[in-house]
Each structure stands twice: as C-alpha cells, then as structure tokens.
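The values are calculated or read from the model by the stated rules, or taken from the named source; none is laboratory data. Bear in mind that the values here come from a model prediction, so they are computed numbers and not experimental data. Cβ coordinates were reconstructed from backbone atoms using ideal geometry, including for glycine residues, and neighbour counts include every protein chain displayed.
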Amino acid sequence: MTARLPLHFASLVLLCLSGAAFAQSEPVDYHAYEDALARGAEHAELWQAGWTSVYAGSLAFSAWQASEGSDDEARFDARVGVVKSALALGGMLLDRQPHPAAYRELQAGADGDIAHARRLLQSVAEEERQRRSWQARLGSLAVNTAAGLVIGVGNDRPEDGAINFATGMLVSELQLRTQPGQAMAAVNRFQPVRLSLAELRLEGEYAWRVAPDRVGVVLRY
C-alpha cells in the first residue's frame, strides 16, 4: 500500500484520529526483519519436533493396540489409528515449514540488504496465510471423515465414528493453529508508505500503535 500525502496533511490526519496522537521516526532496521525470521525459524523447529513426536508416538501406540487391544473394537480402532497417524507423520516429514530455509537464505545473502529481507519475510508471511486457510483443512477433513465412516458405518458404531472424527479434527486444528506466525505479524506491523512535500520525498514504513489513552503511528524512514 502506497500513499502520497503532504507531510503537514498527514500530521493533521494523525492528530484528528487520536486527539493526542503520537508519531515517531525510527530508522529502517534490517535486524527487525532478521529477528522475525529468526524467531519464526526457532518456533518452526520446535513445532516440527513436537508434532512429529506426537504422531510418531501415536503411530507406535496404535500399532501396539492393533495386536494387543483388549477386544475386537479396540483393535479395529487401533488399525484405523495406524493409518491416520502414518499419514500425519508423513505430512510432517515431507511438508516443512518455510522459516528455517528463509532464515538460512537471509544469512547467506548480503548483510543489511533490507529489500531482500523484506521479500523473504513477505514470501514466508504468504505461506503462513495459506497454511491457515480453509483449503489447508481439506486434507485433515478428508482423512478424518473417512476414518469416522469406516468405524461408524463399516464397523456399525456410529457414535464411536463420530467421536473419532471430532477428535481427529480437533487435533488437526490444534496443529494448524500452533504453527509459526511471526512473519505475518511482522508484515502486518509495518506497511510501506511514501510521503512528499514539494521536492522533499520520504519513503519508509508505518505502523499503528495503540496505547490505553491514545492512538498513533510510528514512521520508519
């Protein structure tokens, strides 16, 4: 988003918006982008290790239950669980979060190249959005629906099938919602802006800041 506004008009708008608005000028900081990607990479590694362990443990337990379950129903449910856990574990191993690779690329590039850092951050932010979209839920919906039908219809236990479906969708939603979101937060925080007054041109970024008693904008140029 780009805006061309005289400086005095922009200041007037800020004051009208807040009554006691505040504006700050800060230098554009390459390290702010670097820090967002670094925190995202750390979160992604923890997220990856945690959910991989969850699904690996679930797979091992379901495999044991499939042969050692207390009754036929328990063993049947465990076999369904083996398939679900194996699919989830495969997804974790094959579909990696983008943050570690983006952070490595940033470190390998020219230090201080803020344009490159911004492009990387925007790319990762877009993938974060896609991973939280309704389309990202279609895979888990299909798997859990099939599992619920196999138990509910195929094994003639509709209540158990519904519970299996609901539990699977809950776990899938929790997995989705705990994904890293640092890039989206950073991109949403600072948006590009261009201010001009006669021959004076300023290009930078702005971010809204909200305090208990006032609203204002931080300008970075």
Considering only residues that are under 30 Å from Asn144 (Cα atoms) and in a loop (DSSP other than H, G, I, E, B), which ones fall in segment 76-120?
Asp95, Arg96, Gln97, Pro98
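Conditions (1) closer than 15 Å to Met184 by Cα; (2) part of a helix (DSSP H, G or I); (3) touching a Gly at 6+ places or on another chain (Cβ under 9 Å), marked per residue:
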position	(1), (2), (3)
Ala36	yes, yes, no
Trp47	no, yes, no
Thr52	no, yes, no
Ser58	no, yes, yes
Phe61	no, yes, yes
Ala74	no, yes, no
Residue match in segment 106-114 (condition: at pLDDT below 95, loosely packed, with under 14 Cβ neighbours inside 10 Å and over 17 Å from His31 (Cα atoms))
no
Going through (1) modelled with pLDDT under 95; (2) of a type in the set (Gly, Ala, Ser); (3) under 28 Å from Ser58 (Cα atoms); (4) surrounded by 14 or more Cβ atoms within 10 Å (Cβ to Cβ) one by one, Ser70 fails only at (4)
Residue under question is Arg118, and the condition is that it be within 23 Å of Trp47 (Cβ to Cβ) and either at pLDDT 95 or above or not polar (S, T, N, Q) (or both); does it hold?
no
Do you know which of the residues in segment 124-140 that are free of Cβ contacts under 8 Å to residues at least 12 places away in the same chain and under 17 Å from Gly91 (Cβ atoms) is nearest to the chain's Cα centre (by Cα)?
Gln130
Let me confirm something: among Ala102, Ala110, Ala60, which residue is under 26 Å from the mean Cα position of the chain (by Cα) and closer than 30 Å to Ala41 by Cα?
Ala102
Subset of segment 73-94 [β-branched (Val, Ile, Thr) and buried (at least 16 other Cβ atoms within 10 Å of the Cβ)]:
Val80, Val82
It is to be established whether one or more residues within segment 174-194 are small (Gly, Ala, Ser), at pLDDT 85 or above and closer than 15 Å to Ala88 by Cβ.
no
Among the residues of segment 143-160, are any crowded, with 16+ Cβ neighbours inside 10 Å, on the phi < 0 side of the Ramachandran plot and within 24 Å of the chain's Cα centre (by Cα)?
yes
Within segment 35-57, restricting attention to residues that are without any contact (Cβ under 8 Å) to a residue 40 or more places away in the chain and touching a Leu at 6+ places or on another chain (Cβ under 8 Å), which residue is surrounded by the most Cβ atoms within 10 Å (Cβ to Cβ)?
Tyr55
